[in-house]
1. Given the residues 166, 149, which is the only one that is among the small types (Gly, Ala, Ser), closer than 20 Å to residue 81 by Cα and within 16 Å of the ligand (Cβ to nearest atom)?
2. For the stretch 174-213, enumerate the residues that are without any contact (Cβ under 8 Å) to a residue 60 or more places away in the chain and within 16 Å of the ligand (Cβ to nearest atom).
3. How many of the residues making up the stretch 194-222 are among the aliphatic types (A, V, I, L, M) and in a loop (DSSP other than H, G, I, E, B)?
4. Test of understanding: among 30, 79, which residue is over 22 Å from residue 137 (Cα atoms) and at pLDDT 95 or above?
5. Looking at the stretch 62-85, which of its residues are surrounded by fewer than 17 Cβ atoms within 10 Å (Cβ to Cβ) and within 16 Å of the ligand (Cβ to nearest atom)?
6. Suppose we keep only residues that are in contact with a Pro (Cβ under 8 Å, 6 or more places away or on another chain) and closer than 25 Å to residue 86 by Cα within the stretch 9-57. Which one would you say is surrounded by the fewest Cβ atoms within 10 Å (Cβ to Cβ)?
7. Could you check the stretch 102-122 and list, in sequence order, the residues that are among the charged types (D, E, K, R) and either within 16 Å of the ligand (Cβ to nearest atom) or buried (at least 19 other Cβ atoms within 10 Å of the Cβ) (or both)?
8. Given the conditions (1) surrounded by fewer than 19 Cβ atoms within 10 Å (Cβ to Cβ); (2) within 15 Å of the ligand (Cβ to nearest atom); (3) of a type in the set (Asp, Glu), and given that residue 88 satisfies all but one, which numbered condition is not satisfied?
Amino acid sequence: MMDFHCHLDLYPNAREIIEQSEKRGIFILAVTTTPRAWLGSKRLVGNAKRIRLGLGLHPEIAKDRLDELSLFDLLLPEARYVGEVGLDGSKDHRPFLEKQRLAFRHILTSCERSGGKPLSIHSRGAAKLVLEDLRELANSCVPIFHWFSGSPTELEDAVKQGGWFSVGPAMMASEKGRRLISAMPRDKVFLESDGPLAKRGGRGLTPFDATESIKVLAEIWSEGVGVASERMNLAFRNFVRELPGQALAQ
Ligand code: MN
């Protein structure tokens with residue numbers, strides 16, 4: 001099982017979470033929010049076997065960190081995964097979309113140049129723009145749409161563009177989220193926590209909440225938990241096999 005989008009470096013008890021996840025064999029994609037956070041996160045993760053780091057520039061802070069794009073490019077060759085990246089068109093962040101887009105397109109272009117990377121993508125209130133940029137820079141990445149909240153038509157487009165999806169307890173808690181999840185191809189869906197930023201009852205979600213949410217997902221899919229987990233593990237193996245430079249990505 002897995003947590004495909006987790007801000008591991010933001011937990012006060014990150015070490016304990018890493019140790020527990022390793023014990024339970026949970027795969028974690030630990031996304032970062034700025035290129036500057038990469039080195040610290042790398043030290044934190046150490047040689048944990050099932051944890052991968054994403055090199056990121058979060059759209060909510062991209063406008064203030066454009067100067068870190070050169071560091072992003074410098075670190076990109078050693079990053080197997082990229083994230084969290086993307087665009088945020090919600091009320092507070094919409095005014096800065098132009099700067100966000102500059103960063104996102106820069107990142108996509110760099111990824112394309114480096115042969116393509118798996119990307120954990122944020123697209124709140126901006127699915128249309130994200131999909132436009134991905135279409136234009138089609139060889140930049142294998143997109144993993146994190147907490148996708150676009151329209152059903154945008155979801156169809158994301159699927160057409162070869163998108164994968166990571167969904168978690170926060171998304172499953174809303175009717176709209178559950179409806180979108182039902183419309184996703186089942187063999188393209190992974191679990192995520194988005195913790196500790198995403199919360200439940202005031203507590204930051206953890207990778208263990210992500211893996212537990214397979215039960216809710218199985219309910220949404222009207223099938224047994226065993227069937228749902230089996231399919232997801234198979235999907236994960238297929239995902240890794242299809243990655244650019246997959247020998248390294250394993
Ligand atoms: Mn996130």
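The values are calculated or read from the model by the stated rules, or taken from the named source; none is laboratory data. What you are looking at is a predicted structure, and each value in this text was computed from that prediction instead of being measured. Neighbour counts run over all protein chains shown; Cβ positions are idealised from the backbone, glycine included.
1. 166
2. Within the stretch 174-213, 177, 198, 199, 200, 205, 209, 213 meet the criteria.
3. Of the residues in the stretch 194-222, 3 are among the aliphatic types (A, V, I, L, M) and in a loop (DSSP other than H, G, I, E, B).
4. Working: 79 fails: over 22 Å from residue 137 (Cα atoms).
From the options 30, 79, the qualifying one is 30.
5. Within the stretch 62-85, none qualify.
6. My answer is 10.
7. Correct list: 117 only.
8. The failed condition is (1).
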